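Below: the structure, in structure tokens.
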2 protein chains.
Amino acid sequence: MAQEIPNNIFCQHDHRGCRATAMRGARAACRAANLRLTPMRARVLEILLESHKALGAYDILARLRAEGRSSQPPIVYRALDFLVSNGFAHRLERLNAFAACAHAEDRHQPMFLICESCHQVAEAPLDRLGQDIFARATKLGFQARSPVVEVSGLCPACQGDGEQ
Amino acid sequence: MAQEIPNNIFCQHDHRGCRATAMRGARAACRAANLRLTPMRARVLEILLESHKALGAYDILARLRAEGRSSQPPIVYRALDFLVSNGFAHRLERLNAFAACAHAEDRHQPMFLICESCHQVAEAPLDRLGQDIFARATKLGFQARSPVVEVSGLCPACQGDGEQ
DNA sequence: GGGGGTATGTTATAAAATAACAATAGGGGG
DNA sequence: CCCCCTATTGTTATTTTATAACATACCCCC
Ligand SMILES: [Zn+2]
Ligand SMILES: [Zn+2]
Ligand SMILES: [Zn+2]
Ligand SMILES: [Zn+2]
């Protein structure tokens, strides 16, 4: 598949392991920052970590209900607000959906690659592209604050296929 | 036409003039491409061109109704589909809203600057940044098709203010 | 054990988008 | 001119996404 360095989502990997690692990281980060990763918030994060697809708030809601938790939209949206504002998840604007952050260990600006065929979502750090975008904005007199970069296309596995 | 400075939306300009120019351009482009810029579609484009803010579909709907046209959501969405797929308007994913294209004369990928204070929206060509994004995606094994770049921040006029 | 802040639970509603089908308008061939 | 075909518009109903408003429960500190 691709390679292990920049981005592991489109690669084969031990997904249970990556989920557990992410949860451990989130718990540690919350302890360090004095944030409360309550059971509700933790469960929503786990659900996001179960796949590398983006989930809509109502998909998450349905899972919570399937697990027997009574749940209503505001509960999910509040958990997602927490996760997004503290960097444990991201919102995908094109999809009205959410995905767990793949690089929560460091502060970063994300760029998303969204497969139009299998709907997997990969997050890569924006890095220098973010700086370039800020520079372009500055040249136009605009004080940039938060950039969104989301690219639709085909993931490695879906490129051969006739689109499935 | 516009001007050679990259972006005139955050500058003072004769807005009636720029609207008329854009409408003329759209009519010519439709004639050339054998597309039908029907009265409905033209009116929606004019409404988008009346300001440099992004309008939600239901804002447009309200205007059409205020003008006496009976109108329902599908009508507006269909007109917007036409305008967006033929390059006369763009959808702003972060805002669930639409804006007339500021550079309809040439095929381009847009980048949007969205003022969080006055809600004006400026479109700049993505140009080399688009190529860089594609290159990054390619390096990750991803076949990029359509990139979305939308930057929130403060426009020149709103930077001094206490946010108003 | 009380008080204040934070989080969750619940009801209702708003906002954005689409499905499905009916009616109409235009345009070319007979 | 009339018919047929297609594209467009009109209409009704519904789905999907998100938030407002308020009640209850929890937790830490005193
Ligand atoms: Zn991330
Ligand atoms: Zn794929
Ligand atoms: Zn444009
Ligand atoms: Zn502004």
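Being closer than 30 Å to B:Arg19 by Cα and among the charged types (D, E, K, R) is the filter here, so list the residues in segment B:104-144 that pass it.
B:Glu105, B:Asp106, B:Arg107, B:Glu116, B:Glu123, B:Asp127, B:Arg128
From the set of residues in segment A:78-94 that are part of a helix (DSSP H, G or I) and more than 30 Å from B:Arg145 (Cβ to Cβ), which is farthest from ligand 2 (Cβ to nearest atom)? So that I can check it myself, show each step before the final result.
Kept after step one, since they are part of a helix (DSSP H, G or I), are these residues of segment A:78-94: A:78-85.
Now narrow it down to the ones that are more than 30 Å from B:Arg145 (Cβ to Cβ): A:78-79, A:81-82, A:85.
Values: A:Arg78: 31, A:Ala79: 28, A:Asp81: 29, A:Phe82: 30, A:Ser85: 29 Å.
Result: A:Arg78.
So B:Pro156 clears everything in (1) away from ligand 3 (no atom under 13 Å from the Cβ); (2) open to solvent by less than 50 Å² (accessible area, probe 1.4 Å) except one condition, right? Which one?
For B:Pro156, the failing item is (2).
Is it the case that some residue within segment A:66-89 is facing chain B (nearest Cβ under 8 Å) and either at pLDDT below 95 or surrounded by fewer than 17 Cβ atoms within 10 Å (Cβ to Cβ) (or both)? Steps first, please.
Step one: of segment A:66-89, the residues facing chain B (nearest Cβ under 8 Å) are none.
No: segment A:66-89 contains no residue that is facing chain B (nearest Cβ under 8 Å) and either at pLDDT below 95 or surrounded by fewer than 17 Cβ atoms within 10 Å (Cβ to Cβ) (or both).
Name the single residue, out of those in segment A:45-57 being free of Cβ contacts under 8 Å to residues at least 40 places away in the same chain and part of a helix (DSSP H, G or I), that is surrounded by the most Cβ atoms within 10 Å (Cβ to Cβ).
For segment A:45-57, the residue satisfying everything is A:Ile47.
Among the charged types (D, E, K, R), within 14 Å of ligand 3 (Cβ to nearest atom) and within 17 Å of the chain's Cα centre (by Cα): does that describe B:Asp106? Working first, answer last.
Values: among the charged types (D, E, K, R): yes; within 14 Å of ligand 3 (Cβ to nearest atom): yes; within 17 Å of the chain's Cα centre (by Cα): yes.
So B:Asp106 fits the description; yes.
For segment B:28-36, does any single residue satisfy the condition of being touching a Gly at 6+ places or on another chain (Cβ under 9 Å) and not charged (D, E, K, R)? Show your work before the answer.
At the first step, the residues of segment B:28-36 found to be touching a Gly at 6+ places or on another chain (Cβ under 9 Å) are B:29.
Retained after the next criterion (residues that are not charged (D, E, K, R)): B:29.
Yes, segment B:28-36 has at least one match.
Of all residues in segment A:123-157, how many are within 7 Å of chain B (Cβ to nearest Cβ) and either touching a His at 6+ places or on another chain (Cβ under 8 Å) or in a strand (DSSP E or B) (or both)?
Count: 13.
The values are calculated or read from the model by the stated rules, or taken from the named source; none is laboratory data. Fair warning: this is a prediction, and the values are worked out from it, not measured in the lab. So basically every Cβ, Gly included, is an ideal-geometry build from the backbone, and we count neighbours across all protein chains shown. When the accessible area is computed, the model is the full protein with side chains, heavy atoms only, and any ligands, DNA or RNA have been set aside. Shrake-Rupley method; radii C 1.70, N 1.55, O 1.52, S 1.80 Å.
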